[in-house]
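To start, the structure under review is shown below, and the notes come after it.
Just so it is clear, none of the values below were taken in a lab; they were calculated from the coordinates. All values derive from a computational prediction rather than experimental measurement. Ideal geometry is used to build each Cβ from the backbone, glycine not excepted, and the neighbour counts take in all protein chains shown.
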Amino acid sequence: MEPQPNELINTQRAAESSSSEDLFVDIFQEALGFERTQLLIPQYPVSDIYSTGRFIDFAFISRLDKYAFEIDGEAWHAPGGAMVDPQTYRDELLRQNSLVYQGWKVYRWTDVQLAVDKERIKEQLLLFLEREIIEGTLDGFLPRQQASEISLRSHQTDALQQLENLRNQGKTIALLTHATGTGKTHIALSDAKNMGLRTLYLAHRTPLLSQTQDRFTKIWSNDNSAIYRPRHLKPNTQIVLSTIQAMATSLSNFDKREFGYIIIDEAHHAAAETYRKVIGYFQAKFILGLTATPERHDGQSLTEIFENYAHRLDLEDAIARGLLVPIRCVRVQTNIDLTNIRFNGVDYRSNDLGKYLFVPSRDELIAQTYVNHALGKQAVCFCIDVEHSERMASEFLRHGVQAAHVSGRMGHNQRQEILEAYQTRNIQVLCACDILNEGWDSPETEVLLMARPTLSKVVYVQQLGRGTRPASGKEYLLVFDFIDNTTRYAQAMSAHQLFGKNNYRPGALIAAPPEMIEQEQQQIAKGEKPVVMLTLNLWVNRYEPIDIFRWQDEVKEMYQASELEAALGIGESVVRRWIESQRITPDHSIQLGTRVYHYFKKERLEEIRTTFNIAPITNENIKKRFFEFVEQMDMNTSYKPVLLLGLLKLADSAGRIQIKELTTYFGDFYRQRLEQGLVPEGERKQMSRVTELSENQIESIMLAKPFEKFERRKFVNRLKEITVLQFEKSLWKSLSDQDKQQLEKLASSALLKYYSRQNFTKV
């Protein structure tokens with residue numbers, strides 16, 4: 001049989017060098033930082049418009065949008081290339097069109113671009129993900145907030161009790177519908193007072209704020225309130241009132257957990273962008289929407305809007321609230337050696353997994369574990385790849401278990417038949433590597449067999465979510481984590497890693513409502529065996545400490561080498577040179593793909609200052625340090641002196657500079673050189689093609705390299721308004737007019753020297 005076009009595509013894509021994917025991860029991290037890189041999902045499974053299974057190289061999913069990042073090998077994918085036939089190329093276009101139709105934003109680069117045009121790709125990523133950098137987070141695989149609706153009638157007196165009952169049921173959002181004049185504001189304010197949490201009241205119109213503040217004063221007389229206005233100091237009061245517009249433009253001034261209770265008046269506007277932004281930002285314990293129209297004109301339910309736009313619940317919190325079932329965990333140690341497996345900043349290399357885990361004895365262990373401890377329960381086995389999924393289904397069948405393999409490569413009808421057979425319990429174990437990760441809900445699943453090692457917290461949570469939904473008679477989800485031998489820096493994600501539990505008892509609760517955990521611990525302390533465990537044939541009254549070290553979590557509170565340089569106020573690559581000459585030892589060094597990243601504990605900052613005799617920048621020496629910095633002009637580009645001239649020219653009396661004006665100045669410098677017949681910049685420098693760049697792109701270039709040099713030494717800072725830069729106040733105050741003229745001369749002299757290089761004057 002001839003292979004189908006999508007199978008050819010999958011084979012060709014797998015054949016491309018995984019080092020290109022490593023390089024993309026490296027570029028992504030440099031552009032958007034370590035934390036956001038951890039949110040990339042490699043090899044994300046999707047279906048095209050004909051229900052054929054496909055993969056996205058890297059997916060990034062947030063409340064705002066879905067992004068598909070694709071890495072193409074030019075030899076395979078270039079139109080008219082010698083290695084792609086027309087049918088395969090057309091099939092690749094179908095794949096991309098399907099993603100666009102399904103709402104994905106698709107961005108593609110070739111392996112050659114990654115290798116030779118790194119800075120331009122970083123620039124593009126910053127532009128494409130600009131909204132995400134400011135607003136978005138990836139949380140699509142975490143549990144949604146739970147919303148309910150209460151209808152308040154004219155003489156209803158039990159609304160407060162209803163709200164309390166909803167919270168006892170684990171609900172985190174309520175919509176209070178009302179007829180005009182029925183006292184909905186009074187109910188909302190009274191409920192907020194009963195909870196006693198810091199409260200934010202949001203209204204659509206400014207006049208409502210003063211009216212509602214008066215009512216707060218009457219109901220909540222012992223606590224103070226204030227109306228928040230942009231560009232004013234943030235109120236430090238128990239109650240804050242604001243228009244939705246004012247809050248949406250000032251979110252960076254507030255901590256995400258600043259308010260425990262949020263009231264949203266006129267909630268029927270909630271689908272608007274400003275509401276989405278605010279609802280998604282704050283992580284309140286309870287949100288109450290007030291509206292007279294629970295159904296919008298477009299048919300959307302407000303409860304669904306609130307559930308979709310609010311921040312997602314932490315998984316452990318959702319289980320504690322009883323919204324999802326408790327989780328029990330068993331760790332099964334294998335003797336498989338994965339110490340040589342390669343990984344990047346996101347996950348293991350998929351090709352390496354297939355190579356090192358092609359081990360029949362491991363497959364048999366997985367099947368035997370199910371037979372010994374969970375026989376008869378509905379189970380999903382997550383596998384490494386399609387071939388492993390097929391092997392596992394055969395292994396379960398060999399052990400007398402009704403099992404089947406399901407894959408995105410199958411036709412839609414065949415796939416649905418298998419899923420329906422599983423849901424009707426004609427199949428007990430479902431083996432998959434891809435299709436079950438996305439858009440498939442299975443409340444009947446009681447067991448997960450985690451046979452695919454992954455470093456990705458996102459992927460693990462995504463798979464775990466397939467079994468956490470409650471169902472009639474389902475008391476808990478039983479998770480089997482298969483633990484292979486790895487280095488400490490390459491430990492696969494597990495339930496204990498996910499929930500941060502370093503105490504292990506086989507089969508014990510790892511996530512549950514507090515009262516359940518307390519009851520089980522009391523039974524253990526008395527030497528009793530919980531009845532529920534007897535059916536599993538695995539309860540052992542032994543305590544086993546485990547190492548839940550994850551370098552990804554460890555380094556979150558550390559300085560990366562470049563961040564340490566910024567904290568010390570020193571130049572780029574200085575720390576790396578110290579490490580290479582063995583003058584300093586990092587606390588963690590991790591090789592990700594083609595690069596090694598070094599991390600330092602923050603408490604070492606003063607020790608490092610002392611070792612290298614680096615005096616901190618103070619009000620007394622900042623002017624001297626600034627002149628020293630300016631005199632050491634970077635001659636690789638013209639950007640630094642051009643930026644300095646713009647900063648000095650455009651700063652107001654307080655040392656503040658509008659970014660928009662500075663961007664125009666920066667771009668005009670290079671445009672004017674072109675108009676004068678002069679080369680604007682070196683051939684491979686980004687500003688050499690200034691006429692092709694948008695203002696947003698010029699701003700991104702300007703705020704990357706040149707501004708970062710000023711910012712890392714805290715000479716110039718970006719204000720919370722985001723659109724404004726400001727010289728450090730003590731520095732600006734110390735600069736006389738004569739000093740500013742001298743700085744301008746230094747910058748102009750550096751530019752003259754830079755552009756006087758041979759063959760670098762005329763176009």
(request) Hey, can you grab everything whose amide H is under 5 Å from the amide H of Glu728? Only 5+ residues off in sequence or another chain; H modelled, so Pro and N-termini drop out. (result) Val716, Asn717
(request) Name the residues whose placed amide hydrogens come within less than 5 Å of the amide hydrogen of Leu693, ignoring near sequence neighbours (fewer than 5 apart) on the same chain. (result) none
(request) Could you tell me the distance between the Cα centroids of the range 305-347 and the range 579-631, to the nearest Å? (result) 36
(request) Quickly work out the Glu417-to-Arg718 label distance, labels modelled 7 Å from Cα along the C-beta direction, and quote it in nm with one decimal. (result) 5.6
(request) Report, in whole Å, the centroid distance computed from the Cα atoms of the range 82-129 and the range 185-210. (result) 48
(request) Could you list the chymotrypsin sites (Phe, Trp or Tyr not before Pro) in the range 310-413 that lie in coil according to DSSP, counting only those with at most 16 other Cβ atoms within 10 Å of their Cβ? (result) Phe358
(message) Can I get the semi-axes of the chain's equivalent ellipsoid? Compute them from the C-alpha gyration tensor as square roots of 5 times the eigenvalues, in angstrom, largest first.
(response) 47, 38, 27
(request) List the residues whose amide H sits under 5 Å from the amide H of Leu678, counting only those 5 or more places along or on another chain, with H placed 1.01 Å from N in the peptide plane. (result) Val763
(message) Through the Karplus equation 6.51 cos²θ - 1.76 cosθ + 1.60, θ set to phi - 60°, convert the phi angles of the range 380-388 into ³J(HN,Hα) values in whole Hz; use x for Gly and Pro.
(response) 10, 10, 8, 10, 6, 8, 4, 4, 5
(message) Only bridges whose two residues both fall in the chain count here: according to DSSP, what percent of them are antiparallel, nearest 5?
(response) 35
(request) Run the quick spin-label model on Arg671 and Asn696: label points 7 Å from Cα toward the beta carbon, then report their separation in nm to one decimal. (result) 1.8
(request) Report Rg/Rh for the range 345-457, rounded to two decimals, where Rg is the Cα radius of gyration and Rh the Kirkwood radius. (result) 0.95
(message) Run lengths n ≥ 4 of DSSP H only: what is the helix-derived mean residue ellipticity at 222 nm for the chain, with -39500 (n - 2.57) per run over all residues, to the nearest 500?
(response) -12000 deg cm²/dmol
(request) In Å³ and rounded to a whole number, note down the convex hull volume per residue for the Cα atoms of the range 567-637. (result) 126
(request) Could you let me know the centre-to-centre spacing of the range 388-445 and the range 219-260, using Cα atoms, in angstrom? (result) 51
(request) Treat the count of other C-beta atoms within 10 Å as a stand-in for reagent exposure and order Ile41, Ile579, Ile121 from fewest to most. (result) Ile579, Ile121, Ile41
(request) Pop the C-beta distance of Tyr107 and Lys285 into the FRET formula with R0 = 35 Å and round what comes out to the nearest 0.05. (result) 0.40
(message) I need the phi-derived Karplus couplings for the range 492-506: 6.51 cos²θ - 1.76 cosθ + 1.60, θ = phi - 60°, integer Hz, Gly and Pro marked x.
(response) 5, 5, 9, 4, 5, 5, 4, 8, x, 9, 9, 10, 10, 10, x
(message) If R₀ is 35 angstrom, what is the calculated FRET efficiency for the pair Phe627 and Lys602, using the beta carbon separation as r and rounding to 0.05?
(response) 0.75
(message) On a full-extension model of 0.36 nm per residue, what is the gain between Thr206 and Asn485, subtracting their alpha-carbon distance, rounded to one decimal in nm?
(response) 94.3 nm
(request) Assuming R0 = 45 Å, can you tell me the calculated FRET efficiency for the pair Ser730 and Gln591, based on Cβ-Cβ distance, to the nearest 0.05? (result) 0.65
(message) Using each residue's phi in the range 478-489, evaluate 6.51 cos²θ - 1.76 cosθ + 1.60 at θ = phi - 60° and report the 3J(HN,Hα) Karplus result to the nearest Hz, with x for Gly and Pro.
(response) 9, 10, 9, 9, 8, 9, 8, 7, 9, 6, 4, 8
(request) Could you give the size of the charge dipole of the range 358-462 about its Cα centre, using +1 on the Cβ of each K and R and -1 on the Cβ of each D and E, expressed in debye and rounded to the nearest 20? (result) 180
(request) Within 10 Å of each residue's Cβ, count the other Cβ atoms and sort Met516, Met687 from fewest upward. (result) Met516, Met687
